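Peer 1: Before anything else, here's the structure in question.
Throughout, read-outs are computed from the coordinates displayed, never taken from laboratory work. The structure presented is a predicted model; accordingly, all values stated were derived computationally and were not measured. Ideal geometry is used to build each Cβ from the backbone, glycine not excepted, and the neighbour counts take in all protein chains shown.
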Amino acid sequence: MAAFLRILLKFESFVAAVAYALVAMLLLGEIVAREVFAETIWGSQKMAVFAAIYAGFMGLTLATAANSHLRPQFADNWWPGHLHRAVERFGDVISCLIFWGLGLAAISYVGDSYFYGDRAAVLYNPLWWIQVVIPYSLFSSGLRHFAFATQPALKPKPMLLES
């Protein structure tokens, strides 16, 4: 499982990096085209938004992989020390179920977009291929929480800032 999660992390990191690079290139290209050539690149802003959507949802999976989601820390000491690991594993089970439940809802959402032929404004391309990142990222994050719950050694230690 650890090897699979490492490969998954590399893949998702690559997709996020490419998406962010695409956002930067599209927006920079649009600015150069507008300021230097007094032209625009048709659809570049919309494509940049789509790339940012991919980057954002990949960011969700990367934050899950790094155990770096923002979370309330005020309740960390509510449980006796000997229950801390059990509570943490229970939290991963709950997170897994939430992500997988949302993933099922996202599949329905993407399926409806496909079925009804929803298209993006400006570019008029089908929306489902853009939306498919939503269930992917939710199921991927759920898989990681499942792995953290079943094999706690796979869960990285959170990097917390002390106040």
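Peer 1: Kindly evaluate GLY59 against the criterion of being touching a Ser or Thr at 6+ places or on another chain (Cβ under 9 Å) and either part of a loop (DSSP other than H, G, I, E, B) or more than 30 Å from PRO158 (Cα to Cα) (or both).
Peer 2: On the way: touching a Ser or Thr at 6+ places or on another chain (Cβ under 9 Å): yes; either part of a loop (DSSP other than H, G, I, E, B) or more than 30 Å from PRO158 (Cα to Cα) (or both): no.
Against the criterion (touching a Ser or Thr at 6+ places or on another chain (Cβ under 9 Å) and either part of a loop (DSSP other than H, G, I, E, B) or more than 30 Å from PRO158 (Cα to Cα) (or both)), GLY59 does not qualify.
Peer 1: Please count how many residues of the range 109-135 are surrounded by 12 or more Cβ atoms within 10 Å (Cβ to Cβ) and in a helix (DSSP H, G or I). Before the answer, list the steps.
Peer 2: Taking the range 109-135 and keeping what is surrounded by 12 or more Cβ atoms within 10 Å (Cβ to Cβ), we get 109-114, 118-120, 122-123, 125-135.
From the residues that got through so far, the ones that are in a helix (DSSP H, G or I) too are 109-114, 128-131, 133-135.
Residues that pass the stated criteria total 13.
Peer 1: Here's something else I'd like to know. Just the residues that are under 26 Å from SER137 (Cβ atoms), outside any helix (DSSP H, G or I) and charged (D, E, K, R), please, taken from the range 69-108.
Peer 2: ARG71
Peer 1: From VAL122, VAL133, grab the single residue that is over 19 Å from LEU8 (Cα atoms), among the hydrophobic types (A, V, I, L, M, F, W, C) and in contact with a helix residue (DSSP H, G or I) (Cβ under 6 Å, 6 or more places away or on another chain). Walk me through it before giving the result.
Peer 2: On the way: VAL133 fails: over 19 Å from LEU8 (Cα atoms).
Testing whether each residue is over 19 Å from LEU8 (Cα atoms), among the hydrophobic types (A, V, I, L, M, F, W, C) and in contact with a helix residue (DSSP H, G or I) (Cβ under 6 Å, 6 or more places away or on another chain) leaves just VAL122.
Peer 1: Right, here's the next one. Can you run down the residue pairs with Cβ atoms below 7 Å, 6 or more apart or on separate chains, where the first is in the range 129-150 and more than 24 Å from ALA52 (Cβ to Cβ) and in contact (Cβ under 8 Å) with a residue 60 or more places away in the chain and the partner is part of a helix (DSSP H, G or I) and among the small types (Gly, Ala, Ser)?
Peer 2: Close Cβ pairs (under 7 Å, with a partner that is part of a helix (DSSP H, G or I) and among the small types (Gly, Ala, Ser)) amount to HIS145/SER95.
Peer 1: Is one or more of the residues making up the range 13-34 farther than 20 Å from ALA120 by Cβ, touching a Gly at 6+ places or on another chain (Cβ under 7 Å) and surrounded by 12 or more Cβ atoms within 10 Å (Cβ to Cβ)?
Peer 2: So far as the range 13-34 goes, yes, one or more of its residues are farther than 20 Å from ALA120 by Cβ, touching a Gly at 6+ places or on another chain (Cβ under 7 Å) and surrounded by 12 or more Cβ atoms within 10 Å (Cβ to Cβ).
Peer 1: Can you tell me which residue in the range 136-163 is surrounded by the fewest Cβ atoms within 10 Å (Cβ to Cβ), limited to those that are under 22 Å from the mean Cα position of the chain (by Cα) and among the charged types (D, E, K, R)?
Peer 2: Looking at the filtered set, the residue picked out is LYS157.
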